[in-house]
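So the structure is just underneath, and the comments pick up after that.
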Amino acid sequence: MIKSDRWIRKMAKEQGMISPFEEKQIRQGVISFGLSSYGYDIRIADEFKIFTNINTTIVDPKNFDLKSFVDFKGPVCIIPPNSFALGMSVEYFKIPRNVMTICVGKSTYARCGIITNVTPFEPEWEGFVTLEISNTTPLPAKIYANEGIAQVVFFESDEPCETSYADKKGKYQAQRGITVPRI
């Protein structure tokens, strides 16, 4: 069952599911973030890994070349045309054993041809979220740090899962910072 703002607020306060937690949606002069009716709009931090083809390497998830990225820190990230950047959430998540999330991009960015991709947060996963932001346009795209980037929707099962992400000792458990592909 999809969870409401009351449930999200309770879980954030009592179990530290989201930290820091913004109890209401912040909208004035920013791309919105914080608690919404049936989800939570996460912010993107001010650190980015911008994809570059300077080294003309092959993108290989089994043997990822870190030279494919340029590190950048600042209030605004410019993503080159038809490229992408990795970022991380401001918020740290601790997902309960009977909860799974889906994360989708915000419509403000989507209407500009900027797509945010995040995989689900599995039961008992915790960490800062690594986000992939794609610029599908032929023009440079601006991403605003410390503002909304995506919405997390929470689903609660009527029973806990048999094997959680923590049980599997998942490779992205408790990640800090922007995490590139691992095998």
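Taken together, the values in this text are just the output of simple stated rules run on the coordinates, not laboratory data. Just so it is clear, the structure is predicted and the values come from calculations on it, not from any experiment. Cβ atoms come from the backbone with ideal geometry, glycine included; neighbour counts cover every protein chain shown.
Descriptive notes on the structure:
- By average C-beta atoms within 10 angstrom, highest first, the peptides 63-70, 40-47: 40-47, 63-70
- Helical mean residue ellipticity (222 nm; -39500 (n - 2.57) per DSSP H run of 4+; nearest 500) of the chain: -2000 deg cm²/dmol
- Selection among N98, T116, I58 by position relative to the dipole of the stretch 31-183 gives I58 as farthest towards the positive end (Cβ unit charges, Cα centre).
- Calculated Rg and Dmax of the stretch 83-155 using C-alpha coordinates, Å: 12.9, 42
- FRET efficiency estimate (nearest 0.05) - Cβ-Cβ, S32 to T56, R0 41 angstrom: 0.60
- A Förster radius of 35 Å, combined with the Cβ-Cβ distance separating K24 from L66, puts the computed FRET efficiency at roughly 0.35.
- Seen from every direction in turn and averaged, the convex hull around the alpha carbons of the stretch 1-96 projects onto 8.7 nm².
- Cα gyration tensor, the chain - rounded (a/c under 1.5), prolate or oblate: oblate
- Cross-link pairs beyond the 31 Å C-alpha cut-off, checked among K49/K168; K13/K62; K10/K168; K10/K73: K13/K62; K10/K73
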